[in-house]
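The structure under discussion appears below in the form of structure tokens.
Each value in this text was obtained by applying a stated rule to the coordinates, not by laboratory testing. Only a predicted model underlies this, so the values are computations on that prediction, with no experimental measurement involved. Here the Cβ positions follow ideal geometry from the backbone for every residue, glycine too, while neighbour counts run over all protein chains shown.
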Amino acid sequence: MKRRQFLQKSTAATALVGLSGLGLQSFETYTTKKITILHTNDVHSHIDPFGPDHKKNPNKGGVARRATLVDRIRKENPNTLLLDAGDIFQGTPYFNYYGGELEFKLMSMLKYDLVTIGNHDFDNGIDGLYAQLPHAKFDFVSANYDFSNTVLDTHVKPYKTFVKNGIKIGVFGLGIQLEGLVDKKMYKETIYHNPVEIAQDMSRILKEDEKCDLVICLSHIGYYYKNSPNRVCDLNLAKATKDIDLIIGGHTHTFLPKPTIEKNSVGKNVLVNQVGAYGLYLGKIDFYFEKGKAPKAEGTTILV
């Protein structure tokens with residue numbers, strides 16, 4: 001399997017990014033604990049690899065290859081989470097024929113831990129998304145979509161926490177405004193709330209109430225909009241909040257060879273990452289926790 005890795009080498013993070021904003025809890029005696037976050041976004045029903053004659057992506061991508069990578073990384077570090085930032089559906093005949101069943105079954109086989117919902121995941125309507133939930137052996141999070149008056153009520157949580165090797169990790173989800181982007185009949189009574197305000201609340205809850213050592217935002221609001229610099233996006237979200245450590249993004253199909261390092265509202269580092277689209281890349285962020293010291297992080301993008 002051909003793959004290429006882009007190792008993070010920015011000035012602010014020569015090899016490791018210091019995340020002094022992370023609040024360490026009381027751990028057992030140890031030297032260093034490593035937590036690995038793997039992530040995808042905007043896979044858009046691309047199950048097979050691109051063919052050898054494809055102009056842009058010959059012999060790249062494919063779920064089977066991703067599965068091999070994920071399995072290898074999990075063997076290297078069992079303390080790993082696999083996340084997806086939405087737009088699982090729409091893009092190949094697999095979705096047109098199976099309606100999302102195949103995508104969810106394969107993601108379940110890869111043992112995804114958590115995903116958020118993208119706008120294209122409503123392309124068969126909210127009822128179509130709901131119909132495929134039995135095939136998903138993973139959870140969904142979205143904090144700024146209120147599904148109370150829809151069939152997804154109780155099936156999508158605002159956040160979820162995990163504990164890996166004594167490290168508590170909190171992950172919450174955010175979705176893009178659907179009005180004007182998705183036909184109303186597709187998302188029905190889903191109510192959209194401002195992502196920045198919700199993120200401020202969610203990250204505070206995870207950091208202060210849930211006592212998480214690592215707070216991750218799984219976002220489908222877009223990395224950045226050059227023609228609308230004040231529009232809600234991942235970079236502006238990082239600047240406006242203070243308790244998020246990592247933003248994993250989607251929607252804009254932005255390929256980042258390494259995570260962007262942004263300063264939050266109190267001057268602490270926030271990592272923002274997105275790995276293009278179509279399952280061509282697998283994002284990998286390693287966090288290192290050492291008792292009495294600020295955690296550090298290292299980012300890698302792997303070509304599938």
| message | Give the aspartates and glutamates reachable from LYS184 as a straight Cα distance under 14 Å; neighbours fewer than 8 places away on the same chain don't count. | response | ASP121, ASP123, ASP127
| Alpha-carbon Rg with Dmax, taken over region 5-303, Å | 18.2, 55
| Pairs LYS34/LYS207; LYS111/LYS168; LYS33/LYS284; LYS160/LYS242; LYS33/LYS157; LYS164/LYS296: which are spaced more than 26 Å apart, C-alpha to C-alpha? | LYS33/LYS157
| If each of LYS239 and LYS291 carries a label point 7 Å out from its Cα toward its Cβ, how far apart are those two points in nm? | 4.0
| said: Given a 10 angstrom Cα cut-off, can you work out which residue in LEU83, LEU106, LEU271 is the most mobile in a GNM of the chain? | reply: LEU106
| Sequence-separation-based contact order of the chain, relative, with Cα cut under 8 Å and 6+ spacing, percent | 27
| field | Ordering of 124-132, 146-154, 276-284 by packing [mean C-beta count within 10 Å, highest first] | value | 276-284, 124-132, 146-154
| Given charges at beta-carbon only (K, R positive; D, E negative), |dipole| of region 5-303 in Debye | 1120
| Distance in nm between label sites at ARG72 and ASP209, each 7 Å beyond Cα in the beta-carbon direction? | 4.2
| note | Note: GLU101 to LYS157 extended length (0.36 nm per residue) minus current alpha-carbon separation gives 18.1 nm
| request: Using the Kirkwood radius over Cα pairs, work out the Stokes-Einstein diffusion coefficient for region 31-139 at 10 °C and 1.306 mPa s, in µm²/s as a whole number. | output: 108
| request: Give the distance, in whole Å, between the Cα centre of region 139-165 and the Cα centre of region 202-275. | output: 19
| remark: From DSSP H assignment alone, runs of 4+ in the chain each adding -39500 (n - 2.57), the sum over residues rounded to the nearest 500 puts [θ] at 222 nm at -5000 deg cm²/dmol
| remark: Note, region 265-274: 3J(HN,Hα) by Karplus (6.51, -1.76, 1.60, θ = phi - 60°), whole Hz, Gly/Pro = x, goes 5, 10, x, 8, 6, 10, 8, 10, 9, 7
| message | Over the chain, with a Gaussian network built from C-alpha contacts below 10 Å, which listed residue (VAL215, VAL275, VAL232) shows the highest mean-square fluctuation? | response | VAL232
| message | What does the charge count around THR252 come to, taking other residues whose C-beta lies under 13 Å from its C-beta (Lys +1, Arg +1, Asp -1, Glu -1)? | response | -1
| Contour excess over end-to-end distance, with Cα ends at LYS263 and LYS184 and 0.36 nm allotted per residue | 24.8 nm
